[in-house]
Amino acid sequence: MVSRIGAVIAALTITAVNLVSSQHVQADPAPLLPDLRQAPIGCPGGHDGSPLLCRAWDVCLVEDASAARGKCMYRGGTAQAVRLRFTTSIDNVGDGPLLLHAHRDSTSTPTMNVRQAIQSGVDGSIAGSYNEARRETNSSAYYEPAPTHTHWHLLNFEYFQLRTPDGGVVVTDRKNGFCIGDRYTVSDDLEHRPSDPDSPAGKLAERLNGHMCEHHNPSAVDVAFGISVGSGDDYKHDVDFQWLDLTHVKSGVYDVVNVVNSDRALLEKNYDNNAASIAISVQWPDGAANPPDRIDEAPSVRMIRSCPGKERCAKTYS
């Protein structure tokens with residue numbers, strides 16, 4: 001009987017310790033939160049000059065509309081599609097890293113659940129696994145087998161759209177996932193940028209540098225995604241699905257809108273900089289109001305202005 005009572009007491013003690021530990025993590029008095037900033041559309045990662053000078057975008061006539069990364073036609077011929085291609089980038093200018101742990105219990109499940117790890121402001125510690133991370137999200141991860149990827153992708157992270165000046169959606173992107181890591185640095189003066197390579201943030205930054213999201217490992221049951229403080233993740237304009245389809249878009253003025261963490265599923269210190277937009281003018285050849293049935297020439301697309309931090313940019317031009 002004494003041994004049974006002792007076992008019960010021990011079990012209750014372990015449970016109490018676990019609860020206290022969980023409450024300590026969740027009730028951190030000064031959590032170090034990330035701050036995701038959507039960089040100006042069409043700018044290379046880390047650009048700190050005028051966004052109007054950014055030229056990482058183009059108009060691409062594509063012969064095969066089914067190709068995610070169709071080659072652009074430059075020497076005549078009839079195109080099946082017209083694509084506005086542009087680079088997008090996300091900076092982390094917060095106090096702590098964005099770190100997401102994805103997990104599945106077995107390879108029979110095609111997708112992984114995702115939890116967010118928040119760096120402690122008390123001791124700087126960062127949860128190193130899915131089980132240690134405490135914040136559930138509605139995001140998920142899947143393995144992309146396409147030859148240009150063959151790694152795990154995070155879903156519901158970012159989207160881009162073509163909109164009318166009054167906010168009506170004309171075209172939505174077809175991109176469905178992102179492999180997030182540290183691809184470049186930003187010039188901002190940030191107090192919590194990792195400086196000590198032996199600190200938790202420094203060790204994580206080393207892990208995220210050029211992170212490939214379990215490349216060539218479809219059997220993985222765990223994968224991490226993240227961006228360190230002072231770093232960013234970019235997608236070049238010639239990457240698969242890094243475009244909006246202009247094939248059936250009428251001549252006119254539009255907003256190209258890019259938004260990260262739109263549903264605020266990921267905890268941040270600030271959500272005011274999660275969007276960026278550019279106002280563009282689209283004009284089909286010969287002053288036509290509508291796209292032609294046979295596309296032999298691309299429409300003229302001109303950037304009117306860039307609006308970092310805003311979802312509306314063309315309103316004053318409507």
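Key figures
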{"item": "Qualifying residues in the range 147-176 (those that are assigned to a loop (DSSP other than H, G, I, E, B) and in contact with a Lys or Arg (Cβ under 8 Å, 6 or more places away or on another chain)) - the one most open to solvent (accessible area, probe 1.4 Å)", "result": "D166"}
{"item": "Yes/no for N138 being modelled with pLDDT under 95, open to solvent by 20 Å² or more (accessible area, probe 1.4 Å) and in a strand (DSSP E or B)", "result": "yes"}
{"item": "Complete set of residues in the range 185-206 that are more than 20 Å from L266 (Cβ to Cβ) and either hydroxyl-bearing (S, T, Y) or touching a Ser or Thr at 6+ places or on another chain (Cβ under 6 Å) (or both)", "result": "T185, S187, S195, S199"}
{"item": "From A79, A68, residue being in contact (Cβ under 8 Å) with a residue 40 or more places away in the chain, closer than 23 Å to R183 by Cβ and not polar (S, T, N, Q)", "result": "A68"}
{"item": "Which listed residue is out of contact with any Leu (no Cβ under 6 Å at 6 or more places or on another chain) and farther than 30 Å from H103 by Cα, from D296, D222, D263", "result": "D296"}
{"item": "Among (1) in a strand (DSSP E or B); (2) at pLDDT 95 or above; (3) open to solvent by 50 Å² or more (accessible area, probe 1.4 Å) - the single one R193 does not satisfy", "result": "(1)"}
{"item": "Criterion violated by G128 - all others in (1) out of contact with any helix residue (DSSP H, G or I) (no Cβ under 7 Å at 6 or more places or on another chain); (2) crowded, with 20+ Cβ neighbours inside 10 Å; (3) assigned to a loop (DSSP other than H, G, I, E, B) satisfied", "result": "(2)"}
{"item": "Wholly enclosed strands (runs of 3 or more DSSP E) of the range 210-298 bearing at least 1 residues surrounded by fewer than 18 Cβ atoms within 10 Å (Cβ to Cβ)", "result": "222-227, 252-260, 275-283"}
{"item": "Cβ pairs under 9 Å, 6+ apart, first in the range 190-218 and within 30 Å of P145 (Cα to Cα), second surrounded by fewer than 15 Cβ atoms within 10 Å (Cβ to Cβ) and at pLDDT below 95", "result": "P218/P145"}
{"item": "The lone exception for P218 - which of (1) over 26 Å from Q161 (Cα atoms); (2) touching a Lys or Arg at 6+ places or on another chain (Cβ under 9 Å) it fails", "result": "(2)"}
{"item": "Some residue of the range 23-40 being open to solvent by less than 70 Å² (accessible area, probe 1.4 Å), of a type in the set (D, E), assigned to a loop (DSSP other than H, G, I, E, B) and at pLDDT 90 or above", "result": "yes"}
{"item": "Residues of the range 113-124 classified as touching a residue at least 40 places away in the same chain (Cβ under 8 Å) and surrounded by 17 or more Cβ atoms within 10 Å (Cβ to Cβ), total", "result": "5"}
{"item": "Subset of the range 61-90 that is within 21 Å of the chain's Cα centre (by Cα) and among the basic types (K, R) - its residue that is most open to solvent (accessible area, probe 1.4 Å)", "result": "R69"}
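The values are calculated or read from the model by the stated rules, or taken from the named source; none is laboratory data. The structure presented is a predicted model; accordingly, all values stated were derived computationally and were not measured. Heads up, the Cβs are rebuilt from the backbone with ideal geometry, glycines too, and the neighbour counts pull from every protein chain shown. The protein model used for the area step is the full one, side chains on, heavy atoms only, and it has no ligands, DNA or RNA in it. Shrake-Rupley method; radii C 1.70, N 1.55, O 1.52, S 1.80 Å.
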